[in-house]
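The values are calculated or read from the model by the stated rules, or taken from the named source; none is laboratory data. Not measured: the values here are computed from a predicted model. Heads up, the Cβs are rebuilt from the backbone with ideal geometry, glycines too, and the neighbour counts pull from every protein chain shown.
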Amino acid sequence: MPDIIIMSGNSSDEEISSVIERIKSFGFGFNLSKGKEKIIIGIIGDTRRLSEEVFSSCPGVVGIINILKDYKLVSREFHSEDTSFCIGNALIDRNHLVVIAGPCSVESKEQMITTARFIHSCGGKILRGGAYKPRTSPYNFTGLGKEGLKILKEVKKETGISVVTEVLTPEEVDVVAEVADMLQIGARNMYNYRLLERVGKTDIPVMLKRGFQATIGEFLNCAEYILKEGNSKIILCERGIRTFDSQFTRNCLDLNAIPVLKKETHLPVFVDPSHGTGKRDLVIPMSRAAIAAGADGLIIEVHPKPEEALSDGFQSLTFEMFKKLMEEVQPFAKIMGRVI
Ligand code: PEP
Ligand code: MN
């Protein structure tokens, strides 16, 4: 099962094309990356039925790597450099620490405009807010829907801020994508393979949240579903998993996942300490911890009046607390070589 073909940096164009033609003749896709010393061709598809011998005698080929993992495109072996991209004017890379903030749900234009202006004044780069909300009980507030998207559009226009908002179904991707600078796939939808494939066909950044019952391997495979369709602008978001203790915290923020993911994949890793803890008092300490563990960014719930929030008010920061968070994470970002 050859997955990566390494060719010498001075292979001729004909030699490279001949390897690519062979890959295509077996029905596989490819990913070509030309470096000075080496040319790397990744084979896209289930290579278990392909033999190494098909390529080993091709002129220019100096090595063949087999990836034994079931996710491939997202793995570091396949793509050793960190994936970096922009969301509006926020650069997601190893030198920056991007903070996304805003309420759990879009509730009114005034709520969103006030929040956008406030978080921006503190250094927050992207506004969050769900227009479509997946809720545990169908009787809870499930979002303003299209009206919420309209509010986000107006807030973007009036403030210039970029927004991330959740999409629940493949059918709604187009309408949400008209407004969103990044599409959020929530924890409850992490395993929605049709939705993953559908957002993979767009070229809009996607924030994929880890399911609360998902292993890290399953999480990576879900990102693979998106990347396989061509969209590599994916942020993985650790947002806490379910463990046995729910007395003091809503979820258990899995900080282990941060260095594990940074090692296993080239995709950026964000942390959501709001859902990860479920308690507003725990958000600042866990934000510091997430940065220290290597996170590329944070997503934080903030509300102008958390006590009146229609969802997740108990874990939403007040404006004052958000300002404090931004001040307190600053030295941690600096130690990690990141600019907020
Ligand atoms: C949210 O971001 O408000 C949300 C619903 O998150 P999660 O999917 O992680 O529960
Ligand atoms: Mn929420």
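None of D296, D312 is crowded, with 20+ Cβ neighbours inside 10 Å and in contact with a Gly (Cβ under 9 Å, 6 or more places away or on another chain) except D312.
So, in region 237-289, of the ones that are surrounded by fewer than 21 Cβ atoms within 10 Å (Cβ to Cβ) and of a type in the set (S, T, Y), which residue ends up modelled with the lowest pLDDT? Per the stated criteria, the residue is S246.
Taking the criterion of being within 12 Å of ligand 1 (Cβ to nearest atom) and among the small types (G, A, S), would at least one residue in region 194-204 satisfy it? Within region 194-204 (the criterion being within 12 Å of ligand 1 (Cβ to nearest atom) and among the small types (G, A, S)), the answer is no, since none of the residues qualifies.
Residue count for region 82-125 under the criterion of being of a type in the set (A, V, I, L, M) and farther than 20 Å from G337 by Cβ: the result is 8.
For region 1-32, the set of residues classified as of a type in the set (A, V, I, L, M), assigned to a helix (DSSP H, G or I) and out of contact with any Gly (no Cβ under 9 Å at 6 or more places or on another chain) consists of I20 only. Taking the stated definitions as given, is S80 within 30 Å of V164 (Cα to Cα), among the small types (G, A, S) and either under 29 Å from the mean Cα position of the chain (by Cα) or not in a strand (DSSP E or B) (or both)? Against the criterion (within 30 Å of V164 (Cα to Cα), among the small types (G, A, S) and either under 29 Å from the mean Cα position of the chain (by Cα) or not in a strand (DSSP E or B) (or both)), S80 qualifies. For R239, the criteria (1) more than 16 Å from ligand 2 (Cβ to nearest atom); (2) under 28 Å from E224 (Cβ atoms); (3) among the basic types (K, R) hold in every case but one, which is (1). Among the candidates K233, K334, K262, the residue that is out of contact with any Leu (no Cβ under 8 Å at 6 or more places or on another chain), without any contact (Cβ under 8 Å) to a residue 24 or more places away in the chain and more than 16 Å from ligand 2 (Cβ to nearest atom) is uniquely K334. Taken over region 315-340, residues that are surrounded by fewer than 22 Cβ atoms within 10 Å (Cβ to Cβ) and hydroxyl-bearing (S, T, Y) amount to 1. Residues in region 178-188 that are within 15 Å of ligand 2 (Cβ to nearest atom) and either more than 26 Å from R250 (Cα to Cα) or out of contact with any strand residue (DSSP E or B) (no Cβ under 8 Å at 6 or more places or on another chain) (or both): R188 only. Determine if region 95-117 includes at least one residue that is on the phi > 0 side of the Ramachandran plot and within 16 Å of ligand 2 (Cβ to nearest atom). Yes, region 95-117 has at least one match. In region 188-207, the residues that are closer than 15 Å to V74 by Cα and without any contact (Cβ under 8 Å) to a residue 60 or more places away in the chain form Cβ pairs under 8 Å with partners that are surrounded by 20 or more Cβ atoms within 10 Å (Cβ to Cβ) and among the aromatic types (F, W, Y), at six or more places apart or across chains, as follows: L196/Y225; E197/Y225; G200/Y225.
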